[in-house]
Amino acid sequence: MELNNKRGNLLLQWVIGVGDLVVLNLLFFAIYYGVDVYYTESIVYDLREVLLLLNFCYFFALYFVPIKLHASVVFLDKIVQRAIFLVTFLIFLFATCLFFLNIGNVLTTFLIVFYVTAVLVFSLWRVLVRILLKMYRRKGHDLKRIIIIGAGKNGMELYRVMKDELAYGFTVMGFFDDNALLKEVLPNYLGNTDEVNDYVSRHGIDEIYCTLPGTQDEKMLKLLNFAEKNMVRFYIVPEFYRNVKKSLIMEMMESIPLLSIRREPLQAAYNRAIKRCFDIVFSVFVLIVIYPFLYLILGTLIKISSRGPVLFKQKRTGLYGQEFECYKFRTMKVNSEADTTQAVKDDPRKTPLGDFLRKTNLDEFPQFLNVLSGEMSVVGPRPHMLKHTEEYSTLIDKYMVRHLVKPGVTGWAQVTGYRGETKTLEQMEGRVKRDVWYIENWSFFLDLKIIVVTIFNMFKGERNAY
């Protein structure tokens with residue numbers, strides 16, 4: 001007999017937890033027997049206690065980074081991110097316990113190897129689990145049976161999003177709506193709203209999604225109370241979603257709910273501190289290790305290729321619309337249109353060397369001076385010329401939103417194909433859309449991902465870099 005969804009979900013969590021422990025313990029023994037005995041001799045007589053401690057630390061870490069199965073739509077980078085958080089917290093706790101127990105005088109190398117390997121293996125394991133879970137759902141298991149109340153535009157759009165029902169773990173039983181004419185139009189019309197209670201009780205519905213307009217709040221409240229009494233999860237799709245298609249964030253002012261239209265992780269001082277510390281460390285490394293050699297070599301070539309300074313300075317729009325001087329290696333002949341005309345393909349103002357510098361992103365390296373001074377970040381929306389800011393801020397509604405964070409040497413829009421010349425308004429809108437997405441979805445790991453892709457593109461060369 002097949003378990004119901006709630007028990008099945010709990011069983012899956014236990015299966016994944018046991019799998020985590022198997023992976024963790026096998027990995028421990030593989031590293032233990034794989035590294036030189038010198039690095040593990042301090043635990044050879046306490047191996048059983050150390051192994052028990054490691055498993056205890058896993059359960060403690062799981063309290064802070066739990067296994068999540070209730071979220072039906074999860075992206076792979078988020079799975080990897082949570083796996084890294086779990087392993088980092090686990091190994092930190094494990095190492096701290098060993099230190100206070102006076103175990104492991106020479107365990108540093110062992111722990112470093114164990115941590116790096118565990119990050120890679122655990123990430124792969126958790127991604128594999130998600131893939132297997134989707135395959136399991138496609139076979140009809142672990143599915144949430146849901147109904148949608150209200151077959152208007154919001155209800156139909158919600159159904160469209162859930163059309164990959166099995167992969168996401170949804171099976172939409174159908175719609176309830178008081179418009180009886182929909183019976184002739186919808187193949188899965190189940191009845192009017194008065195019939196919801198009976199249907200939910202008879203068919204074991206797991207979740208109810210209500211898309212009724214605000215004018216029917218009394219009806220909505222009755223359905224909500226019924227769902228609460230019968231332990232059925234109840235979700236409300238707000239009517240104004242049609243006009244504000246965003247991920248709204250709810251906050252509370254005492255007992256009054258407030259909906260924020262934008263999630264901004266970098267509003268948190270902790271996240272800003274992490275980003276700024278990384279900017280300082282990364283820019284100092286570049287300016288000490290790479291920049292002097294680049295300046296010496298490229299500076300000489302720039303001077304040979306055309307008259308003018310090595311560095312090109314241009315006023316651009318930064319954080320909160322403030323102006324700053326952005327540095328680049330000069331890629332064009334000195335001209336009077338530098339601050340007003342965007343570079344285009346086969347631009348006659350460019351030098352042959354400048355074309356190469358732009359395609360490989362080498363012209364951007366002086367901007368690490370801006371990063372170190374705090375005017376820019378390593379990753380963020382690319383800073384635009386003042387003329388572009390003035391022009392596009394009147395044409396694109398959310399254009400100025402991109403200035404809520406510091407501009408970056410590289411950014412999400414650039415690594416997703418929106419780099420270089422913007423010939424049409426649609427291209428700039430696409431860039432702005434990605435910049436706003438970055439602001440709303442920032443994470444340290446997203447920054448690392450953008451940096452890795454940028455480095456890869458440097459060696460590959462970028463087609464849109466003019």
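Before moving on, here are some points about what is shown:
- Test for K350: is it surrounded by fewer than 18 Cβ atoms within 10 Å (Cβ to Cβ) and of a type outside the set (D, E): no
- Only one entry of G155, G169, G174 meets the criterion of being in the same structural domain as E207 (by TED's automatic domain parsing) and at pLDDT 90 or above, and that entry is G174.
Conditions (1) crowded, with 16+ Cβ neighbours inside 10 Å; (2) within 22 Å of M231 (Cβ to Cβ); (3) under 37 Å from the mean Cα position of the chain (by Cα), marked per residue:
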| site | (1), (2), (3) |
| --- | --- |
| K139 | no, no, yes |
| V185 | no, no, no |
| N192 | no, no, no |
| D198 | no, yes, no |
| S201 | no, yes, no |
| C210 | yes, yes, yes |
| G214 | no, no, yes |
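- Residues of segment 280-339 that are touching a His at 6+ places or on another chain (Cβ under 9 Å) and surrounded by fewer than 14 Cβ atoms within 10 Å (Cβ to Cβ): Y320, G321, Q322.
- Scanning segment 315-332 for residues that are in contact (Cβ under 8 Å) with a residue 60 or more places away in the chain and of a type in the set (V, I, T) gives a single hit, T317.
- Qualifying residue in segment 445-466 (condition: over 24 Å from I302 (Cβ atoms) and of a type in the set (S, T, N, Q)): no
- Taken residue by residue, segment 206-225 has no member that is in contact with a strand residue (DSSP E or B) (Cβ under 7 Å, 6 or more places away or on another chain) and small (G, A, S).
- Taking (1) crowded, with 22+ Cβ neighbours inside 10 Å; (2) part of a loop (DSSP other than H, G, I, E, B) in turn, V371 satisfies each apart from (2).
- The residue pairs whose first member lies in segment 18-42 and is assigned by TED's automatic domain parsing to the domain that holds Y115, whose second member is outside any helix (DSSP H, G or I) and at pLDDT 70 or above, and whose beta carbons are closer than 9 Å, counting only pairs six or more residues apart or on different chains, are D20/I67; Y39/L107; T40/L107; S42/L107.
The values are calculated or read from the model by the stated rules, or taken from the named source; none is laboratory data. If you're wondering where the values come from, they're calculated on a predicted model, not measured in any experiment. Neighbour counts run over all protein chains shown; Cβ positions are idealised from the backbone, glycine included.
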